[in-house]
Amino acid sequence: MQRRKFLALLSSAGLAAAMPVREGKTAPVNGFSGHQDAVGVLHDSARCIGCRRCEAGCQSVNADAVPPPDKRRKPAKPFDDLSVLDKKRRTDFQAYTVVNKYHIEDRSAPVFRKFQCNHCQEPACASACFVKAFVKTPEGPVLYRPDLCVGCRYCMIACPFYVPAYDYHSVNPLVYKCTMCAPRIAEGKLPGCVESCPKDALTFGKRSELLIVARERIAKNPGLYVNHIYGEHEMGGANWLYLSPVPHKYLGQPELGKTSAPELTSGALGSVAMVAGIWPVLLGGVYAISKRREKTAAEEQKQAVIQAVAHAKGEADVALKTAMTKANQEKDAAVARETKKAREEAIKEMEAKMAVDGDTGTTSGASDKGEDA
Amino acid sequence: MNAQHPSTDNIHNKTTPAFSPGRLIRENKLTALLIAMGLFVTVIRFTQGLGGVSNLDDNYPWGIWISFDLLCGVALAAGGYTVTSAYYLFGLKDFHTAVRPAVTSAFLGYLFVVVALHFDVGRPLRLVYPVFVSQGTTSVLFEVGLCVFLYLTVLAVEWSISAFEWLGWKGIRTVIVRLTIPLTVMGVILSTMHQSSLGALYLIAPSKMHPLWYSPFIPVFFFISSMFAGMSMVVFEGSLAHKGLHDQMDEAHLRDADKITLGFGKACSIVMMGYLFIRIFAIAMDNNWNLLSTAYGKWLMLELLGFVALPSFLYAVGVREKKIGLIRFAAVVTVLGVVLNRFNVSLVAFNYNLPSAEKYFPHWMEIALSVFIVTLMVTAYRFICTFMPVLREHPDYKAH
């Protein structure tokens, strides 16, 4: 069990909410195969005659445990009235067990099947109960603790056999279901139903031995039974076992896989720890990323401003420098131009003078002086 | 300052005349009627038992109080964790004005889920047992109960900021504001757990569930759908609030409302598309294609095409064309779709193999009680938004 749960945990690691491990999809692991000495009952539909004595026996030993009949509820029909068998019935808060009659095609006689809590080896009700109000005892019976029950009725949702019943008209209601007569068993007595069966259709004993008995009956009576002991493997196995001359599904027994109820939900429950462990990391990371992004954005903005200012300043400096250089150049050029102009004018003057005086010697002297300037 | 907070005047106008129950009832006739009906049902429930007010029986231990009040209630209150994580963790600053309305409605949503559970469980005084008396740790419902209990506490603390601002208790408000990030992270963790676990409740009963709705991935479906359920509810509630509580909103709320609607519209459209794909993958994984031609298959197609694909598309168009009205319509369809899905899982797929004579249909008093719970919630929301800084900022406190 521990190992399987661990594997289930592993299989769901890394997923937000997980999926239970399904039969055949993981490495085979040995499941829980029931408490060694647990007792149970074998019901044989080939022997059952639908006399309802088991119902009467159940009622007589459990009369004090169930709420008394009151005005609002319709009175139960006496146990010798077999007309109730014509209608499909189920267990309720005043009847821990009922017998149903099934008409099967190609069979002249109807087949009967007794209906009560199957006392599963890994009970769905106990797995589903959020206050541990159901206990699977090592002796076999699945027992209910009325002092803890909140009345959420999830056990009734979970039970694949539609067994637990509720007292809907009570102000302080409880769940009711067969106890396998655990107090009587502890006293060494038989369960009420088994004790009152006139046709030996109910056999009480150790579950392991009941399986042997059931196999022997199948082997010794060829053609009488279908080769299936209902309850041997269904939902992890039950402490009530059934033999039937017709496929069990015709007797209102659902076709169930071998996967037990706890296995169906262990993966999802295991992933809770994964979520609790990894979500803070992921969310913290997301928070850190968004914070960092904000910070980076703010820093980038700041940098951009600094750069823009620096850039603007640089550009201004360059522009100033260029302007200065240009101004200097223009000044020089202007000086040169003016000098040149002055020189040319001087030359022209000189030429004009020379043309008047006819003396060439002074011309070159004046020219040298102008270039130096 | 006062111009930005027109509501401060309103508060005085509303409270200064002597408190008169008669006038209050005259002004809220429908609310008064629904609450009176709810009180009537409450009396019968606690004097005659569950059987006196409901059609629940041994085959259908869970009716619409679970399907609607619990499953839908929790999914539609998911706006709390989606909005707070978007704003505080993912840093989507546009959503600021959506935070308080979302936290308020999530808090009230969860509070009234718990109120409704007091009607549904047989012994409401023992509702604390799973947490304090006997912990059934193997139960998915234990996990749901514990998470809802813790998350309701988280939401109460997150929401209390509005109340403390109203009361003017600055010291404790400051302490709680400092806890915002851890509270938000806890909110997401707890929501991930119990939103998915509400789906996981049904994992235990594969033989009772129709295969088209039973999948090992049902916890994932419930979690993912809670995201768009919550966001759509925020959009939907927003549009209602703009009709009924317009005068309680400050400029920032009115200004950002459309931006928020567009943001959630976009998110919903994408998440719903992903959700549609994983729902289809689940059909493929279990090879349930042949079931699609059955009546149940057609019903599933209606759920997936009419209430997931269609609103996803409408959201996308609404966002692209910036049509706020279309997005609000898509939000309504989405909310109805989530309700349909939760009912399909818990009432249509559950016990699908029972003959129709044994099927459940709610008693009128069950419906009346659910309506009563919703009425109480809306009334509480109106009260809070009228007096506390939810749809507006309190002038004395800056945004956090």
Got at least one residue in region B:181-194 being hydrophobic (A, V, I, L, M, F, W, C), in contact with an Asp or Glu (Cβ under 8 Å, 6 or more places away or on another chain), under 18 Å from B:F222 (Cβ atoms) and within 14 Å of chain A (Cβ to nearest Cβ)? yes
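Do you know which residues across region A:254-268 are at the interface with another protein chain (Cβ under 7 Å from one of its Cβ atoms) and either in a helix (DSSP H, G or I) or without any contact (Cβ under 8 Å) to a residue 12 or more places away in the chain (or both)?
As a first pass, look at region A:254-268 and keep what is at the interface with another protein chain (Cβ under 7 Å from one of its Cβ atoms): A:254, A:256, A:261-262, A:264-265, A:268.
Result: A:A261, A:P262, A:L264, A:T265, A:A268.
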Regarding region B:122-130, can at least one residue be identified that is aliphatic (A, V, I, L, M), crowded, with 23+ Cβ neighbours inside 10 Å and within 13 Å of another protein chain (Cβ to nearest Cβ)? no
Exactly one of these conditions fails for B:V74: (1) exposed (fewer than 15 other Cβ atoms within 10 Å of the Cβ); (2) modelled with pLDDT of 95 or more; (3) of a type in the set (V, I, T). Give me its number. (1)
Do the conditions hold for A:Y225, that is, is it buried (at least 23 other Cβ atoms within 10 Å of the Cβ) and either outside any helix (DSSP H, G or I) or basic (K, R) (or both)? no
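Which residue out of B:V339, B:V345 is of a type outside the set (S, T, N, Q) and surrounded by 22 or more Cβ atoms within 10 Å (Cβ to Cβ)? Spell out the reasoning first.
Working: B:V339 fails: surrounded by 22 or more Cβ atoms within 10 Å (Cβ to Cβ).
Only one candidate qualifies: B:V345.
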Assuming B:G199 fulfils every condition listed in (1) over 19 Å from A:A276 (Cα atoms); (2) within 11 Å of chain A (Cβ to nearest Cβ) apart from one, which condition is it? (1)
Determine which single condition B:T174 fails, assuming it passes every other condition in (1) of a type in the set (V, I, T); (2) surrounded by fewer than 21 Cβ atoms within 10 Å (Cβ to Cβ); (3) within 14 Å of chain A (Cβ to nearest Cβ); (4) free of Cβ contacts under 8 Å to residues at least 40 places away in the same chain. (3)
Give region B:250-283 a look and list any residue that's out of contact with any Pro (no Cβ under 9 Å at 6 or more places or on another chain) and within 25 Å of B:M388 (Cβ to Cβ), or say none. B:E251, B:A252, B:L254, B:R255, B:D256, B:A257, B:D258, B:K259, B:I260, B:T261, B:G263, B:F264
Looking only at region B:132-161, filter to residues that are surrounded by fewer than 22 Cβ atoms within 10 Å (Cβ to Cβ) and within 16 Å of B:A102 (Cβ to Cβ); which one of those is nearest to the chain's Cα centre (by Cα)? B:L152
Do we find a residue being within 18 Å of the chain's Cα centre (by Cα), under 17 Å from B:G230 (Cβ atoms), surrounded by fewer than 24 Cβ atoms within 10 Å (Cβ to Cβ) and within 14 Å of another protein chain (Cβ to nearest Cβ) anywhere in region B:89-109? no
Log entry, pairs with first residue in region A:288-304 being farther than 17 Å from B:K93 by Cβ, second being among the hydrophobic types (A, V, I, L, M, F, W, C) and loosely packed, with under 11 Cβ neighbours inside 10 Å, beta carbons closer than 8 Å, six or more apart or on different chains, reads none
Selected residue (only one of B:L376, B:L391 is out of contact with any Asp or Glu (no Cβ under 8 Å at 6 or more places or on another chain) and within 25 Å of B:F228 (Cα to Cα)): B:L376
Filtered residue count, region A:269-321, keeping only those that are facing another protein chain (nearest Cβ under 10 Å) and either among the acidic types (D, E) or at positive phi (or both): 1
Within region B:27-52, how many residues are facing another protein chain (nearest Cβ under 7 Å) and outside any helix (DSSP H, G or I)? 1
Looking at A:E105, is it over 29 Å from A:P222 (Cβ atoms) and surrounded by fewer than 22 Cβ atoms within 10 Å (Cβ to Cβ)? no
Filter region A:93-114 down to the residues that are under 27 Å from B:S139 (Cα atoms) and in contact with a Leu (Cβ under 9 Å, 6 or more places away or on another chain) and list them by number. A:F93
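Would you please name the residue that is farthest from A:V142 (Cα to Cα), looking only at residues in region A:30-80 that are among the basic types (K, R) and modelled with pLDDT of 85 or more? Before you say what the answer is, go through the steps one by one.
At the first step, the residues of region A:30-80 found to be among the basic types (K, R) are A:47, A:52-53, A:71-74, A:77.
Still in the list and also modelled with pLDDT of 85 or more: A:47, A:52-53.
On the way: A:R47: 26, A:R52: 24, A:R53: 23 Å.
Among them, the one singled out is A:R47.
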State all residues of region B:370-398 that are outside any helix (DSSP H, G or I), out of contact with any Lys or Arg (no Cβ under 8 Å at 6 or more places or on another chain) and among the aliphatic types (A, V, I, L, M); if no residue qualifies, say none. B:M388
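The values are calculated or read from the model by the stated rules, or taken from the named source; none is laboratory data. This structure is a prediction, so every number in the text was calculated from the model and none was measured. Note that we place each Cβ from the backbone using ideal geometry, even for glycine, and neighbour counts take in every protein chain shown.
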